[in-house]
Each structure stands twice: as C-alpha cells, then as structure tokens.
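Right, one structure below, let's go through it.
The values are calculated or read from the model by the stated rules, or taken from the named source; none is laboratory data. Computed from a predicted model, the values in this text were never measured in an experiment. Neighbour counts run over all protein chains shown; Cβ positions are idealised from the backbone, glycine included. Areas reflect the complete protein model, heavy atoms only, side chains present, ligands, DNA and RNA absent. Shrake-Rupley method; radii C 1.70, N 1.55, O 1.52, S 1.80 Å.
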Amino acid sequence: MNITIRLAKKEDAELLSRLSIDTFRESYAEMNDAGDMELYINEHLRPQDIQSEIDNARNTLLLAMLDEVLVGYVKLSTQTQPAQFKDTSSLQIERIYVLKEYQEQKIGATLMSYCIGYAIKKGFDILWLAVWVHNEKAITFYKRWGFEVFGEQVFQLGNDVQDDLLMKRKC
C-alpha cells in the first residue's frame with residue numbers, strides 16, 4: 001500500500017468532481033434531504049466548479065493516491081478567514097474527503113498530517129475548518145489532531161440551513 005499526495009492539475013477536474021460527489025453522498029445522504037443534496041452538488045461539485053477551484057491561486061487542492069488510484073483529497077484555502085483571526089495568518093481546510101471504503105487505511109491521517117506540515121512550512125499561525133455539528137466521526141477525528149471548537153457558522157445545503165462548528169489548531 002503506497003499513499004502519495006500530489007497537487008491537483010487541470011486535467012484532474014472531472015475525476016475530482018466524481019470523487020467529491022461520491023464522498024459527499026457517502027458522508028451526508030443518509031441524514032439529509034435528497035433534493036438539498038442534489039442542489040448543493042449541482043452548485044458546488046460539478047467539474048467546472050472544481051476546475052475553478054484548481055485555477056484559483058488562493059486554493060490548494062491535494063490528491064491522495066493509493067497505488068495510483070484517487071481515494072481522497074483535501075482543499076486548502078485562504079479565501080475566507082473568521083473575524084477572530086484578523087491579526088493572524090490562517091489556512092482553512094475547506095474539504096477533506098476520503099472514499100468510505102478507504103477510510104480505515106489511514107488516508108485521512110496522511111492528508112491531515114500533510115495539511116499540518118504544509119501550514120507550518122508556509123508560515124501560517126492557525127489551521128482551521130468548519131464541520132457539521134452532526135458529523136461526530138469527523139469531529140472526533142479533528143479533536144484527535146488537536147483541533148478545538150472556537151465558534152459556529154451557518155452552512156447552506158440546498159434549501160436547508162445547517163449549523164457547523166468552527167475548529168482550529170495552532171501550527
């Protein structure tokens with residue numbers, strides 16, 4: 001088993017869109033309205049949306065490859081910053097997705113370790129993220145990596161307004 005992390009390229013947009021949709025459905029479909037799920041997917045996870053994210057200099061998309069197969073990815077961004085961080089340099093983990101069948105193979109841990117190292121190397125003070133309040137598995141994972149809750153924000157899933165926890169860790 002050989003896990004490698006590489007930077008997303010333009011030609012990855014289609015494959016990354018499919019992975020995003022698959023992992024998003026695996027993680028959230030059971031607890032959400034199908035119509036809201038499809039609205040969100042059609043507004044944010046289409047190939048052209050992923051292509052725009054890859055092209056945006058404020059984003060870094062990193063692919064997790066297991067023996068040359070795309071099994072997960074992370075989107076890092078400096079696009080937004082909570083008001084609490086106005087005097088610091090922060091990097092957001094906007095997405096960290098791993099296909100369900102690979103979640104017990106330390107792909108998420110490899111991605112998180114890479115994110116922390118990347119944030120330190122680039123000189124960020126804080127690494128932060130937002131996580132749905134009902135995603136206990138993810139919250140537990142983030143706490144294991146030293147993230148702590150510092151606030152909440154609203155997340156729009158289609159027509160459904162949901163609550164996210166904001167979590168951070170020092171770099």
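Volume per residue of the convex hull around the Cα atoms, evaluated for the chain, comes out as 111 Å³.
Note on surface exposure: Lys122, Lys170 rank Lys170, Lys122 by accessible area, highest first, 1.4 Å probe. The accessible surface of the stretch 20-141, taken with every protein chain in place and a 1.4 Å probe, is 48 percent carbon and sulfur.
Just in the stretch 1-73: which GluC sites (Glu not before Pro) are loop by DSSP and have at most 15 other Cβ atoms within 10 Å?
In loop regions of the stretch 1-73 (DSSP not H, G, I, E or B), the sparsely surrounded GluC sites (Glu not before Pro) are Glu68.
Counted over the stretch 103-171 with a bin width of 10 Å, the fraction of Cα pairs per bin, in whole percents, is 19, 46, 30, 5. Stokes-Einstein, applied to the Kirkwood radius of the stretch 1-74 over Cα pairs at a viscosity of 1.567 mPa s and 4 °C, places its translational diffusion at 100 µm² s⁻¹. Using just the C-alpha positions of the stretch 97-143 as equal point scatterers, what log10 of I(q)/I(0) does the Debye formula give at each q in 0.15, 0.24, 0.30 1/Å? Log10 of I(q)/I(0), two decimals: -0.46, -1.00, -1.17.
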